[in-house]
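Notes follow once the structure below has been shown.
Please treat every number below as a calculation from the coordinates, not as lab data. Please read these numbers as outputs of a predicted model, since none were measured by experiment. Methodologically, a virtual Cβ is constructed for each residue, glycine included, from the backbone with ideal geometry; neighbour enumeration extends over all protein chains shown.
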Amino acid sequence: MGENKEHEEPKITTIEEGEKQVELILEPHLKPYITGNIMACEVISVAINILPTLNLRDVSSSLKATTSLLIKNVNDLRTMRILAAKGYSTQTATIASSLYESSYMLAYIAGDEELANQWIEHTDPRNLPTGIKKFTEEALKKQVDDYEQIARQEYHKYHQLCMAKHSNPLIQKNHGFLIEESNVIAEFGPEIGEHSIRLSCFALENSISFVMTGLVAYINAHLINYDISPLQEKLNQLSSYFNQLQNESYKKWAQQSE
């Protein structure tokens, strides 16, 4: 008989193993946000499937442009969910900033054929057809009365997400290293620190409102002549869930900031 040895935790030797461990640690922190993300994906899926198969000549420029952007949104949402769950918060926020752009570009174009053709015929690889701030304002102008104030708030969220995309020190200085007692260790791979969790939650939460803005424009422009009652019910559920998520997030992060 050999000696009885105390049980030892298996050592993590690869990033893939680390990601699996991180997913278990992050799951309770991210679960409400992942739930909202999944709900948003389901709503978009319902919206896309409402349209029947159309002959190519019956597809307007605005339908082509906005459907392409809507499909990008659902793919972005899923990508964010995967990245956040595995502990890659700055990458999650980076995708969220891109999702913001496509959501508000979608809402800006809506059913406007001229804007859609400008988007389709765009040839400048350095710039979007329209400035991000402008299409944020113009998109919200079509949906709400106090669009200027809301546009400022939304654009501010976009700037916060872009800090992660551009490696702004205000964000990046809290990532990429681990502090153990008095030692600082450079660390790549997934993260589970407070800054990382909060950034992922911020990105996941606000991406829901971004896609809802684009989806409302898509419904009003292209689905108004179809039976959208199942879609409207799911969209209302998503909106309600998002409001609850916002309230819970505010309470959680406000308390931790005190």
Inset, instruction - Could you please rank 136, 90, 79, placing first whichever residue has the fewest other Cβ atoms within 10 Å of its Cβ? - result: 79, 90, 136
Legend entry - Charged-residue dipole, Cβ positions (Lys, Arg, Asp, Glu), the chain about Cα centre, Debye nearest 20: 520 debye
Inset, instruction - Mind telling me which of 167, 200, 209 comes out most flexible in a GNM of the chain, alpha-carbon contacts under 10 Å? - result: 167
Legend entry - Ascending count of other beta-carbon atoms within 10 Å, so fewest first, for 202, 242: 242, 202
Legend entry - Over 23 Å between alpha carbons, listed pairs 165/252; 134/234; 31/252; 31/86; 133/251; 142/251: 165/252; 134/234; 133/251; 142/251
Inset, instruction - May I ask you to order 60-71, 122-133 by the average number of other C-beta atoms within 10 Å around their residues, highest value first? - result: 60-71, 122-133
